[in-house]
Amino acid sequence: MTNLLTDMEALDTSGPEIADARQYITFACAGQNFGIDIMSIREIRNWSALTPLPAAKPDVLGVMEIRGRVVAVHDLALRIGCTTTRTTQQPGQVILILSIQGHDMGLLVDSVSDIIEVKENDKLPVPQIEGSAAKFLAGIARVDDDLVAILDEETVRNTSVEFAVATTDDLEAGVFTKADEGVETVYVD
């Protein structure tokens with residue numbers, strides 16, 4: 001399979017500068033619209049085979065080699081709690097390769113949509129709803145008539161929703177349940 005490599009440096013991000021405006025790549029994941037700061041994106045790749053890691057967290061799909069570096073690829077929907085089922089390969093899915101504070105990570109998403117420019121005053125605060133993935137968001141961007149959840153890439157890199165696996169059959173089926181707060185999470189291999 002040929003990989004589609006899109007070096008972010010090749011994109012024309014020039015244009016009239018707007019004070020306090022940032023650019024975000026928007027994408028779909030688990031039926032929701034998200035955005036992530038364009039400056040943290042190294043490249044966008046088509047889905048390709050991954051090497052699984054033994055005893056990895058449920059959201060870690062495996063690793064891939066990119067230009068001599070080994071990069072862990074995570075199921076974003078599972079990582080931030082949008083689903084409790086591990087993603088299987090679907091046509092059109094892509095891997096966003098991020099570089100955050102010198103650390104690379106891949107995020108499997110359904111599709112990439114657009115590059116948007118968001119002024120700081122167009123970014124809305126994240127409502128704090130118990131049990132939601134609000135801790136992974138830096139804000140909500142208003143784009144025309146739509147709302148786009150802007151991910152906080154540092155939180156996505158450093159944190160994942162913890163899941164408990166009830167049985168070995170659940171693990172093999174890729175089904176996980178959210179762990180209750182205060183309960184130690186055990187990963188069954």
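What the table shows:
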read-out: Number of positions in region 118-141 that are over 20 Å from the mean Cα position of the chain (by Cα) and of a type in the set (D, E, K, R); value: 4
read-out: Selection count where residues are under 15 Å from the mean Cα position of the chain (by Cα), of a type in the set (V, I, T) and more than 16 Å from A28 (Cβ to Cβ), scope region 64-83; value: 2
read-out: Enumeration of residues in region 151-160 that are outside any strand (DSSP E or B) and either surrounded by fewer than 17 Cβ atoms within 10 Å (Cβ to Cβ) or in contact with a helix residue (DSSP H, G or I) (Cβ under 7 Å, 6 or more places away or on another chain) (or both); value: D152, E153, E154, T155, V156, N158, T159, S160
read-out: Failed item in (1) modelled with pLDDT of 95 or more; (2) assigned to a helix (DSSP H, G or I), with E9 passing the rest; value: (1)
read-out: So L50, is it at pLDDT below 85 and either β-branched (V, I, T) or farther than 23 Å from A138 by Cβ (or both); value: no
read-out: Every pair of residues 6+ apart whose Cβ atoms lie under 9 Å, when the first sits in region 85-97 and is over 20 Å from E43 (Cα atoms) while the second is surrounded by 10 or more Cβ atoms within 10 Å (Cβ to Cβ) and of a type in the set (D, E); value: R86/D59; R86/D75; T87/D75; T87/D110
read-out: Any hit, region 112-128, residues being more than 28 Å from N46 (Cα to Cα), among the basic types (K, R) and modelled with pLDDT of 85 or more; value: yes
read-out: Those strands (runs of 3 or more DSSP E) lying entirely in region 54-150 with at least 2 residues closer than 19 Å to D37 by Cβ; value: 69-75, 94-100, 103-109, 111-119, 137-143
read-out: Selection from region 32-48 of residues that are touching a residue at least 40 places away in the same chain (Cβ under 8 Å) and either of a type in the set (D, E, K, R) or not in a strand (DSSP E or B) (or both); value: D37, I38, S40, R42, E43, R45, W47, S48
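The values are calculated or read from the model by the stated rules, or taken from the named source; none is laboratory data. Remember, it's a predicted structure, so these values are computed and weren't measured experimentally. Cβ coordinates were reconstructed from backbone atoms using ideal geometry, including for glycine residues, and neighbour counts include every protein chain displayed.
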